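The values are calculated or read from the model by the stated rules, or taken from the named source; none is laboratory data. Nothing here was measured: the structure is a model prediction, and the numbers come from that model. Glycine also receives a Cβ, built like all others from the backbone with ideal geometry; neighbour counts cover every protein chain displayed. SASA here: full protein model, heavy atoms, side chains in, ligands and nucleic acids out. Shrake-Rupley method; radii C 1.70, N 1.55, O 1.52, S 1.80 Å.
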Amino acid sequence: MHILGVCNGQVHGNSEILLKAALTEAISIDPSITTSRIHAPSLIIPRNPAPLKGAMDVSLGTNKGQMSGSNTAESKVEPDDRQAALNAILDADAIIVSSATYSHQPPGFLKVLLDRIGGPYLDAGFVHNALVKQRAGDPLFANFTYDPRLLKPRVLGFMMTGGSTTPDQFSMALLEKNFMDAGSVLLDVNVMERARLLARNTVSQLGKGFDDAVYLGPEEAGACPYCHLTTIELFHDGANGVGCMTCGARGKLVVVKQKAGADGGGDDSPRILPEWEADSEWSCITLRGKIKHAEEILSWGSRESGKMAGVQEEKEKWVRTEVPLVSLPSTSRS
Ligand SMILES: Cc1cc2nc3c(=O)[nH]c(=O)nc-3n(C[C@H](O)[C@H](O)[C@H](O)COP(=O)(O)O)c2cc1C
């Protein structure tokens, strides 16, 4: 089994130290485990690239823009780390992400990578749909092929550090907080132990598929049962509907009688907490949610592509409309 570590903070910083603590712990539990790591901020991803060769097209040819990119002549000579990073992710049996917090969230370096190799280019829900349709003899999917590593069981462990002590500053983070200086996690033995615990939890779930793997991290009352976070969106639908801001699961606010102290505080008075739907078709984490979304993209994409000819002339007008670009060293030609 191989565990890939992904560090999303500064070189030699807190997240790197915690990641190394987790990966070395994993090997100490089971010496047959191998590890490697990627430093997300160091990856080189070309500007406006076309998707990787062989990337999946979930629009089945209806969304030309998504599959073409607008790579410039000069960016073609830039190194491109995407394929190697993708292979590392697909080959791994588990991934442990260790991230800093920037502006309340994981720094965007990781998101840039995932946006360039993931999303519609790496969609397990689409593969499931395509295989069902292929078996049913749908000619659209007769020649469909996919990378089998996409459906391999893969466990994820995720930890974050942040500099702040107050939750307003890490609203989207599952984290160990109050660590500002690079290396300051070493001032707290508990946080180093927390990283090791995350590794033990991850190792205990190795090889398990989505339905069998168990979430072993901390859980607050009312947390989304899929992503285990507590940031919610109010739907204003007249029925107390709420959505999980992180993964999209839906539920509603209900009054519950919770035993005092069940989640660390409060008295016996009734409380308002989300009640979440089972086997969510909205969460991007459940297979059901992934399949629903893949179906939606396909039907919506083909409806849209049928209408595009009607706006082609207008689109070309907008392409020709000049608004001066800020002059940048990377785009100026000598
Ligand atoms: C650009 C920037 C933005 C930051 N924003 C936040 C923030 O919103 N909330 C927070 O708790 N810490 C924030 N921090 C602090 C870092 O998350 C913290 O120092 C962390 O331990 C850095 O991890 P690293 O050493 O792995 O890079 C920010 C740091 C930087 C450099």
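Summary table
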| item | result |
| --- | --- |
| Largest-first ellipsoid semi-axes for the chain, taking √(5λ) over the Cα gyration tensor eigenvalues, angstrom | 35, 28, 23 |
| Length released on extending from Leu114 to Thr34, taking residue separation times 0.36 nm less the Cα-Cα span | 26.5 nm |
| Sites Asn190 and Ser103, calculated FRET efficiency, Cβ-Cβ separation with R0 25 Å, nearest 0.05 | 0.45 |
| Asp211-Ser305 pseudo-label distance in nm [points 7 Å out on the Cα-to-Cβ vector] | 3.3 |
| Cα→Cβ-extended label distance, 7 Å offset, between Thr24 and Asp147, nm | 3.1 |
| Residue of Glu316, Glu220, Glu275 that the Gaussian network model of the chain assigns the largest fluctuation, springs spanning Cα pairs under 10 Å | Glu316 |
| With Cα atoms, 0 to 90° folded angle of helix 189-204 axis to the chain main axis | 60 |
| Prolate/oblate/rounded call for segment 173-256, Cα gyration tensor, a/c under 1.5 rounded | oblate |
| Exposure rank, largest accessible area first [Asp123, Asp81, Asp168, Asp181; 1.4 Å] | Asp181, Asp168, Asp81, Asp123 |
| Inter-centroid distance (Cα atoms) of segment 268-309 relative to segment 116-136, Å | 15 |
| Value of relative contact order over segment 2-210, rounded to a whole percent, pairs C-alpha under 8 Å and six or more apart | 29 |
| DSSP-defined beta bridges in the chain - what % are antiparallel, rounded to 5 | 40 |
| Residue order for Ile232, Ile272 - accessible surface, 1.4 angstrom probe, largest first | Ile272, Ile232 |
| Three-way shape call for segment 5-158 based on the alpha-carbon gyration tensor, with the a/c threshold at 1.5 | oblate |
| Area of Val11 that stays accessible when all protein chains are in place (1.4 Å probe, Å², to 10) | 80 |
| Subset of Lys152/Lys290; Lys53/Lys290; Lys133/Lys208; Lys64/Lys307 violating a 19 Å alpha-carbon distance limit | Lys53/Lys290; Lys133/Lys208 |
| For the chain, cysteines whose Cβ has no other cysteine Cβ within reach (under 4.7 Å) | Cys7, Cys284 |
| Computed FRET value (nearest 0.05) for Val254 with Ala182, which takes r as the C-beta separation and R₀ as 25 Å | 0.05 |
| C-alpha long axis of helix 124-135 to longest principal axis of the chain, angle in ° | 60 |
| Residues His2 and Ile44, FRET efficiency given R0 of 30 Å [Cβ-Cβ distance, rounded to 0.05] | 0.80 |
| Linear extension gain, Glu316 paired with Leu287, 0.36 nm per residue minus alpha-carbon span | 6.5 nm |
| From the C-alpha gyration tensor of segment 219-285, square roots of 5λ in Å | 22, 14, 9 |
| Exposure rank, largest accessible area first [Lys315, Lys64, Lys20; 1.4 Å] | Lys64, Lys315, Lys20 |
| Inter-label distance for Glu296 and Arg200, nm, one decimal - labels placed 7 Å from Cα along Cα-to-Cβ | 4.0 |
